[in-house]
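Here's the structure, in structure tokens; my notes come after.
The values are calculated or read from the model by the stated rules, or taken from the named source; none is laboratory data. All values derive from a computational prediction rather than experimental measurement. Note: ideal-geometry Cβ built from the backbone for every residue, glycine included; neighbour counts use all protein chains shown.
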Amino acid sequence: MTDWLFPTVRGLRATTQRLIGKRSDADGVAARDAVVAGRPVRHFLPETAPAPARLLYFHGGGFISGSIDSHHGLCSRLAAQTGMELVSASYRLAPEHPAPAQFDDALAVAQALAAAPGPLLIGGDSAGAWLALRCALAVHETRPGRFAAALLLYPFIDLDAQPDTLLGYARPAVAVMRAALGGAYPSLLGLDLAKAPPSALLWGAGLDPVAPGAQALANGLAAAGVATRVRRHRMLVHGGLNLANRVAMVDRLLAAVATDLAVLAEAG
């Protein structure tokens, strides 16, 4: 493994944590830690009349950073906005754990929750959105339609970093991810999207490097006959939903996508 990789990843992790800042909680949402399929998870439960459905959520961070702690504020607010119990799942990170450890962990948690009764949704941001959709497609093979809907927040699409899936200035970051993973995950655009759950997508406009790929994914889902709701926000930066304790618009955006998710789940 190259000498520069571990210091670079450590630097990215430290920078991410500084940007997010202190942990923040939404009013009226209780959090408790547990273990599912051998992985640490955090349950976020609205204290007043929670909806019967649960939302399984995977954090972003390019498969090399992020955690249930870094995304605590985002998940707490999503639970408040959706009214659902949210299960934030951890997974092993690269380069300490090369691919496919991240997908293996995510799928184990998804399968465990899918085996339990009750309505179930899935979601994630950035690389977590990749994991969410990939897990939904894998679970569909044995439990068709098990996930009522998917929430994909500025979804990461393609490790090949093609011009139609990623803006050029972010390609060095993807090169780090590729080196850390030690193997390629498939492009979401090459999968059988007809088996995807109804999907709600949100990404930024020119400020979000994954915007081309997110639009291509939205087009692919719609072309495959998957009910899809799309939102864009011109001022949303990649990872910006983690800044809920600093940026007021985050709560408004999460409220909007929560509405989209509820509509898709009910229609499905």
Which of the residues spanning the stretch 9-30 are within 15 Å of Leu93 (Cβ to Cβ) and of a type in the set (Lys, Arg)?
Arg10, Arg13
Filtering the stretch 192-216 down to residues that are out of contact with any His (no Cβ under 7 Å at 6 or more places or on another chain), farther than 19 Å from Val237 by Cβ and crowded, with 16+ Cβ neighbours inside 10 Å yields Leu193, Ala196, Pro197, Pro198, Ser199, Ala200, Ala216
Could you tell me which residue of the stretch 248-268 is nearest to Ser199 (Cα to Cα), considering only residues that are of a type in the set (Gly, Ala, Ser) and not in a loop (DSSP other than H, G, I, E, B)?
Ala265
Which condition number does Asn242 fail, the rest of (1) farther than 26 Å from Phe6 by Cβ; (2) touching a Gly at 6+ places or on another chain (Cβ under 9 Å) being met?
(1)
Within the stretch 231-242, does at least one residue satisfy the condition of being at pLDDT 95 or above and in contact with an Asp or Glu (Cβ under 8 Å, 6 or more places away or on another chain)?
yes
Among the candidates Asp69, Asp105, residue that is touching a residue at least 12 places away in the same chain (Cβ under 8 Å) and surrounded by fewer than 21 Cβ atoms within 10 Å (Cβ to Cβ)
Asp69
Of Ala129, Ala149, Ala112, which residue is in contact with a strand residue (DSSP E or B) (Cβ under 8 Å, 6 or more places away or on another chain) and surrounded by fewer than 24 Cβ atoms within 10 Å (Cβ to Cβ)?
Ala112
Residue count, the stretch 175-196 (criterion: at pLDDT 95 or above, of a type in the set (A, V, I, L, M) and assigned to a loop (DSSP other than H, G, I, E, B)):
2
Any idea how many residues of the stretch 221-247 are of a type in the set (Val, Ile, Thr) and either within 23 Å of Ala196 (Cβ to Cβ) or surrounded by 17 or more Cβ atoms within 10 Å (Cβ to Cβ) (or both)?
3
Tell me which strands (runs of 3 or more DSSP E) are completely within the stretch 12-63 and hold 2 or more residues being modelled with pLDDT of 95 or more, of a type in the set (D, E, K, R) and surrounded by fewer than 19 Cβ atoms within 10 Å (Cβ to Cβ), or say none if there are none.
29-36
Going through the stretch 80-104 one residue at a time, which ones are of a type in the set (Asp, Glu) and more than 16 Å from Gly66 (Cα to Cα)?
Glu85, Asp104
Residues of the stretch 197-247 being in a loop (DSSP other than H, G, I, E, B), closer than 11 Å to Tyr154 by Cα and among the small types (Gly, Ala, Ser), in sequence order, are Ala205, Gly239
For His97, the lone unmet condition from (1) surrounded by fewer than 20 Cβ atoms within 10 Å (Cβ to Cβ); (2) of a type outside the set (Lys, Arg); (3) more than 29 Å from Thr8 (Cβ to Cβ) is (3)
